[in-house]
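**Student:** My questions all concern the structure below.
What follows draws every value from the coordinates through simple rules; no lab data is involved. What you see is a predicted model; the values in this text were computed from it and never measured. When we count neighbours, we look across all protein chains shown, and the Cβ atoms used for this are built from the backbone with ideal geometry, even at glycine.
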Amino acid sequence: MIPKIINRRDFIKISSLGVGGLAVANPLFDWLTGSVISGETIQNTFKRIPTYCEVCFWKCAGWAHLNEKGDIWKLTGNDHDPHCNGRFCPRGTGGVGMYYDDDRLKTPLIRTGARGKQVFREASWDEAFDYIANKMKKIADEHGPECIALFSHGSGGKHFGRMLKAFGSPNITAPSYAQCRGPREVAFFATYGEGIGSPERVDIRDTDCLVLIGSHIGENMHNGQVQEMSDAIDKGATIITVDPRFSTAASKSKHWLPIKPATDMALLLSWIHVIINNEWYDKKYVEKYTFGFNELKEHVKNFTPEWAYGITTIKPDVIRKTAKEMANASPKVIIHPGRHVTWYGDDTQRLRAVAILNALLGSWGRRGGFYNPEKKKMVKLDLPKYPKPSKTWRDAFPDQYKLANLALASGICDATIPTAERDCSFKGWIVNGTNLISTLPKPANTLKAIQSLDLMVVIDTMPMEITGYADVVLPECTYLERYDNLRVSAHREPTVALRSPATEPKYNSKPAWWMAKELASKLDLDDYFPFKTHEEELDWQLKQIDSSLDEMKKIGVKKFNREYEDLYPMDSFEDFEFNTNTGKIELYSTAMEDEGYEPLPEYTPHEEPPEGYYRLIYGRAPMHTFSRTANNPNLTDLMDENSVWINPKVAKEWDLENGQEIWLENQDGIVTSFPIKVRVTERIRWDSIYMVHGFGHTDKRMKRAYGKGASDSELITQTKIDPVMGGTGMRVNFVTFLTEAPQKGAA
Ligand SMILES: Nc1nc2c(c(=O)[nH]1)N[C@H]1C(S)=C(S)[C@@H](COP(=O)(O)OP(=O)(O)OC[C@H]3O[C@@H](n4cnc5c(=O)[nH]c(N)nc54)[C@H](O)[C@@H]3O)O[C@H]1N2
Ligand SMILES: Nc1nc2c(c(=O)[nH]1)N[C@H]1C(S)=C(S)[C@@H](COP(=O)(O)OP(=O)(O)OC[C@H]3O[C@@H](n4cnc5c(=O)[nH]c(N)nc54)[C@H](O)[C@@H]3O)O[C@H]1N2
Ligand code: SF4
Ligand SMILES: [Mo]
């Protein structure tokens with residue numbers, strides 16, 4: 001049972017503990033409600049255990065506090081962790097709800113009925129592993145081990161990845177690339193020879209001007225960034241937010257540019273035009289470090305603010321004024337690269353324009369711009385060499401997506417559906433910690449791929465939709481009940497953080513490390529897991545860097561000195577060779593040109609909503625993470641459904657009222673499974689509607705989440721694929737409203 005301490009009232013009390021004075025002094029702390037209790041100030045704690053949070057991938061390090069009975073009663077941030085500075089966000093604080101959730105997966109399951117019908121029987125771990133190992137061997141014999149793919153988001157991916165590479169498959173993928181930040185990494189790599197990484201290397205703490213283009217920090221609760229943005233505002237930084245919606249960030253901004261969606265490229269090109277034409281760029285920096293300035297200047301000569309106005313609806317004087325703000329702050333200015341950037345299919349090019357703008361303003365490698373992160377170098381485990389695979393996912397896409405530097409989740413999904421032309425089709429999926437039904441676009445496509453598999457294994461903590469399609473479901477214990485790999489993160493200073501179990505795994509659940517080792521053993525791959533326990537492995541690793549498991553259990557986070565004093569390498573204007581073909585920051589990208597892509601970003605118009613339809617845009621709510629928190633008792637107490645934001649003009653036209661339940665239907669006639677409540681608000685443009693991702697769950701085994709709100713994923717039946725790296729642009733769907741319940745079966 002859930003201990004009393006985390007009932008609704010107490011949780012909200014915990015969440016707002018300590019906010020008091022700060023909240024008055026700085027309304028920005030409203031965003032951080034729940035995050036301002038520090039691990040050092042807690043009373044009533046009998047014992048505290050170090051961990052890092054798994055509620056999202058910011059991975060804040062903190063403490064699980066136990067009471068005298070040994071129950072986990074509170075989670076707080078670790079003061080020495082740069083990801084969180086001692087404060088968890090509301091989701092992190094509420095993470096304990098994942099442990100106490102009664103709907104959790106409790107024991108291994110083997111499917112007995114048709115896929116998706118959710119007829120399972122309980123099985124022992126040994127039986128489940130035998131089943132999987134036999135199927136894996138059969139697939140390897142018949143098709144090759146490369147025909148098994150791992151989809152993973154989260155810590156367990158590393159363990160299953162080791163097992164799969166040892167088995168002979170390199171096909172390991174995460175939706176956080178082709179459905180999230182892939183285009184950004186490719187664009188910055190093409191420009192600077194380095195990606196952005198996570199946590200983003202943005203020096204918001206010291207910036208004078210932060211430009212957010214659809215990056216809704218404050219609803220996107222990436223902890224350290226929200227805190228730094230709040231501090232920057234206190235210090236007088238200018239915030240410029242470009243968003244068709246009046247986001248939380250927009251409400252804290254000096255300039256809100258309510259852009260017509262899908263037209264950001266025109267605004268970016270016009271800003272570049274203005275900055276070059278007025279000679280507002282950092283001349284010394286551009287001269288010393290960049291390549292292709294003259295080509296860029298020629299390229300943008302016609303992209304005037306007047307031209308952009310016709311496309312973006314942003315007035316020319318606003319474009320000029322905001323460009324001037326950025327120039328005034330240069331080099332302490334950040335045009336934020338965003339994170340979920342797979343929007344319209346020309347995303348790599350849009351992010352190239354962002355990278356170029358930063359280069360013109362001299363912000364890369366400068367204080368208040370982009371810092372140079374450093375990671376602690378770890379000693380690798382001494383494992384046998386992995387077998388050399390004879391094919392990879394890439395073979396399914398000859399001559400496509402040539403700059404993709406990681407495997408595409410959507411690509412492997414597509415390649416699983418058998419066609420006459422393809423020879424690299426997949427026969428087995430291992431799915432860990434990713435609810436592909438709501439994560440990949442085009443759910444019907446995902447289901448088609450799943451139906452053609454010989455083996456589907458799902459490792460999860462919850463009976464999410466994806467588990468309903470598995471042959472074998474393996475219940476993982478939550479992050480509060482297990483060790484995991486060390487968090488070795490790149491930041492201003494290198495840090496290493498430990499996740500250790502605060503309590504025994506509940507029910508018959510187990511950690512991913514143990515599952516991967518046991519499976520490896522059934523596959524005769526024991527040599528790849530040379531340690532008896534994960535604990536031993538971690539202790540060995542820590543000892544190589546002059547620490548130990550004992551030490552880390554006491555401190556949770558260990559900071560190391562930087563090896564090089566180059567946090568802001570370009571501030572000194574010393575010579576620097578960038579990891580690009582020319583050794584310079586490539587305003588003109590030779591890498592793109594070599595592969596047949598536009599070396600300078602071009603504006604391409606995107607399709608507009610048909611009459612009576614509105615563009616579907618989606619985002620985050622501060623108290624939830626994707627679909628993974630939808631059943632968390634603490635967080636559903638704070639928000640248990642999403643709503644659809646509709647402009648008053650549109651609401652009037654359709655005669656819609658605040659709070660009214662409607663269904664959404666997309667351009668392909670797909671209707672949401674459940675109704676969603678209308679929120680009439682000026683905060684959204686008339687040509688778009690907005691909803692928070694992660695709701696509208698269809699799996700009845702999740703009692704709190706089932707049928708609450710609607711799913712944006714169901715409506716994403718069209719994508720625009722980025723030709724450069726295969727990202728799936730998902731904001732190309734249009735919806736209309738149904739005020740009556742649709743006929744049964746219509747959806
Ligand atoms: N329609 C739509 N699609 C999107 C997005 C969107 O906004 N809208 N966002 C995109 C982005 S930015 C990203 S990064 C991806 C995110 O995609 P995912 O990470 O796949 O997100 P979730 O749907 O939350 O799936 C997480 C799964 O992990 C399980 N889980 C949670 N904790 C654990 C654990 O400790 N162990 C195991 N084994 N499982 C665990 C949860 O129960 C859940 O089933 O989605 C992308 N797809
Ligand atoms: N609370 C919470 N925080 C999270 C997450 C979470 O699930 N919950 N997920 C994390 C993850 S993995 C990611 S990737 C990030 C995602 O967060 P971000 O990278 O910040 O944002 P996006 O999801 O790309 O964008 C959402 C915003 O884009 C706006 N928008 C829509 N269309 C357009 C357009 O055409 N142009 C412009 N300029 N704006 C547009 C929307 O109105 C919305 O405000 O959030 C992270 N933080
Ligand atoms: S930002 Fe919040 S949810 Fe994400 S890791 Fe940190 S505390 Fe956890
Ligand atoms: Mo993401």
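**Student:** Once fully extended, how much extra length lies between residue 576 and residue 423, figured as 0.36 nm per residue of separation less the alpha-carbon to alpha-carbon distance?
**Tutor:** 50.6 nm
**Student:** Residue 402: which aspartates and glutamates have alpha carbons under 12 Å from its alpha carbon, excluding same-chain residues fewer than 8 sequence positions away?
**Tutor:** The reachable aspartates and glutamates, counting only those whose Cα sits under 12 Å from residue 402, are 593, 594, 595, 722.
**Student:** Would you list, by chain and number, the lysines whose Cα falls below 23 Å from the Cα of residue 649, excluding same-chain residues fewer than 8 positions away?
**Tutor:** Candidates past the 8-residue exclusion: 260, 315, 677.
**Student:** Pull up the cross-link candidates among the aspartates and glutamates for residue 517, meaning alpha carbon to alpha carbon under 16 Å and not fewer than 8 places away within one chain.
**Tutor:** Here the aspartates and glutamates satisfying the reach criterion relative to residue 517 are 126, 127, 130, 382, 476, 484, 526, 527, 535, 536, 537.
**Student:** Additional query: Give, rounded to the nearest 20 debye, the magnitude of the charge dipole that region 614-738 has about its Cα centre when Lys and Arg contribute +1 at Cβ and Asp and Glu contribute -1 at Cβ.
**Tutor:** The dipole magnitude comes to about 340 debye.
**Student:** Amide H of residue 587: which non-local residues (sequence gap of 5 or more, or other chain) have their own amide H closer than 5 Å, using H built in the peptide plane?
**Tutor:** For residue 587, the qualifying residues are 291.
**Student:** What is the local net charge at residue 559, summed over the other residues whose Cβ is closer than 12 Å to its Cβ (Lys, Arg +1; Asp, Glu -1)?
**Tutor:** Taking every Cβ under 12 Å from that of residue 559, the sum is 0.
**Student:** If you count, for each residue, the other Cβ atoms within 10 Å and average over each peptide, how do 408-415, 568-575, 620-627 line up from highest to lowest?
**Tutor:** Listed from highest to lowest mean packing, they are 408-415, 620-627, 568-575.
**Student:** Another one. Pull up all non-local amide H partners of residue 84: gap of 5 or more, or a different chain, and H-to-H distance under 5 Å with H placed in the peptide plane.
**Tutor:** Result for residue 84 returns 61.
**Student:** What are the ³J(HN,Hα) values, in whole Hz, obtained from phi via the Karplus relation 6.51 cos²θ - 1.76 cosθ + 1.60 with θ = phi - 60°, for each residue of region 297-306 in sequence order, with x given for Gly and Pro?
**Tutor:** So the J values, rounded to whole Hz, are 4, 4, 4, 9, 5, 9, 7, 6, x, 5.
**Student:** Please say if region 183-371 is rounded, prolate or oblate, where rounded means a/c under 1.5 for a ≥ b ≥ c the square roots of the C-alpha gyration tensor eigenvalues, and otherwise the choice is prolate for a/b larger than b/c and oblate otherwise?
**Tutor:** Rounded, because the longest to shortest axis ratio a/c is under 1.5.
**Student:** Still on this structure: If each residue of separation counts as 0.36 nm, what is the full-extension length gain between residue 548 and residue 653 once their alpha-carbon separation is subtracted?
**Tutor:** This chain segment gains 31.2 nm when fully extended.
**Student:** Over the chain, calculate the relative contact order: mean separation of alpha carbon pairs under 8 Å at least 6 apart, over the residue count, as a percent.
**Tutor:** So the answer I get is 18 percent.
**Student:** Give the Kirkwood hydrodynamic radius (Å, one decimal) of the chain, defined as one over the mean of 1/r across all pairs of different Cα atoms.
**Tutor:** Taking every pair of different Cα atoms in the chain, averaging 1/r and inverting gives 26.7 Å.
**Student:** Shifting gears a bit: Is region 472-528 best put as rounded, prolate or oblate by its Cα gyration tensor, with a ≥ b ≥ c the root eigenvalues, rounded for a/c under 1.5, and otherwise prolate when a/b is larger than b/c, oblate when not?
**Tutor:** oblate
**Student:** Suppose only helical runs count, i.e. DSSP H with n ≥ 4. What mean residue ellipticity at 222 nm does that imply for the chain under -39500 (n - 2.57) per run, divided by all residues and rounded to the nearest 500 deg cm²/dmol?
**Tutor:** -8000 deg cm²/dmol
**Student:** Taking R0 as 35 Å, what's the FRET efficiency between residue 444 and residue 306 from their Cβ-Cβ distance, rounded to 0.05?
**Tutor:** So, using R0 = 35 Å, E works out to roughly 0.20.
**Student:** If each of residue 142 and residue 555 carries a label point 7 Å out from its Cα toward its Cβ, how far apart are those two points in nm?
**Tutor:** Using points 7 Å along Cα→Cβ, the separation is 5.4 nm.
**Student:** Near the amide H of residue 502, under 5 Å away, which other amide H atoms are found, from residues 5 or more places off or on another chain, if H is placed in the peptide plane?
**Tutor:** HN-HN under 5 Å from residue 502: 481, 482.
**Student:** Sorting check: for 194-203, 376-385, 273-282, which peptide has the highest mean count of neighbouring beta carbons within 10 Å, and how do the rest follow?
**Tutor:** My ranking of the peptides, most packed first, is 194-203, 273-282, 376-385.
**Student:** Quick one: what Rg and Dmax do you get for region 646-747 from the alpha carbons, in Å?
**Tutor:** Considering region 646-747 through its Cα atoms, Rg and Dmax are 14.6, 43 Å.
**Student:** Next up: Residue-wise, which Karplus ³J(HN,Hα) couplings in Hz belong to region 395-403, taking 6.51 cos²θ - 1.76 cosθ + 1.60, θ = phi - 60°, and x for glycine or proline?
**Tutor:** With the stated coefficients, region 395-403 comes to 4, 6, 10, x, 6, 10, 6, 5, 9 Hz.
**Student:** Also, I was wondering about something else. How high is the FRET efficiency between residue 703 and residue 315 when r is their beta carbon distance and R₀ equals 41 Å, given to the nearest 0.05?
**Tutor:** Rounded to the nearest 0.05, the efficiency is 0.25.
**Student:** Now for a different question. When the chain is fully extended, how far beyond the present Cα-Cα distance does residue 255 get from residue 562, taking 0.36 nm per residue of separation?
**Tutor:** Result for the pair: 106.8 nm of gain on full extension.
**Student:** Could you state the number of Å between the C-alpha centres of region 113-139 and region 629-679?
**Tutor:** One Cα centre to the other: 38 Å.
**Student:** So what is the relative contact order of region 183-371, in percent, for Cα pairs below 8 Å that sit 6 or more residues apart?
**Tutor:** Taking the mean separation of contacting Cα pairs over the length of region 183-371, I get 33 percent.
**Student:** So for the chain: antiparallel DSSP bridges make up what percent, rounded to the nearest 5?
**Tutor:** So the antiparallel bridges in the chain amount to around 45 percent.
**Student:** Okay, moving on. Find the percent of Cα-Cα distances in region 127-239 that exceed 18 Å, and round it to a whole number.
**Tutor:** Tail fraction, whole percent: 66.
**Student:** If packing is taken as the mean number of other Cβ atoms within 10 Å per residue, what is the order of 345-357, 54-66, highest first?
**Tutor:** 345-357, 54-66
**Student:** For region 698-742, report the % of Cα-Cα distances exceeding 16 Å.
**Tutor:** 58 percent
**Student:** Diagonalise the Cα gyration tensor of region 219-269 and give the resulting equivalent ellipsoid semi-axes, square root of 5 times each eigenvalue, largest first, whole Å.
**Tutor:** Output for region 219-269: semi-axes of 22, 12, 10 Å.
**Student:** Taking a 26 Å limit on the Cα-Cα distance, which of the listed pairs 106/543; 59/158; 252/375; 558/584; 158/391; 284/332 fall beyond it?
**Tutor:** Violating the 26 Å limit, Cα to Cα: 106/543; 252/375; 558/584.
**Student:** How would region 450-546 be classified by its alpha-carbon gyration tensor: rounded, prolate or oblate, with rounded meaning a/c under 1.5 and the a/b versus b/c comparison settling the rest?
**Tutor:** Prolate is the answer for region 450-546, as a/c is 1.5 or above and a/b outweighs b/c.
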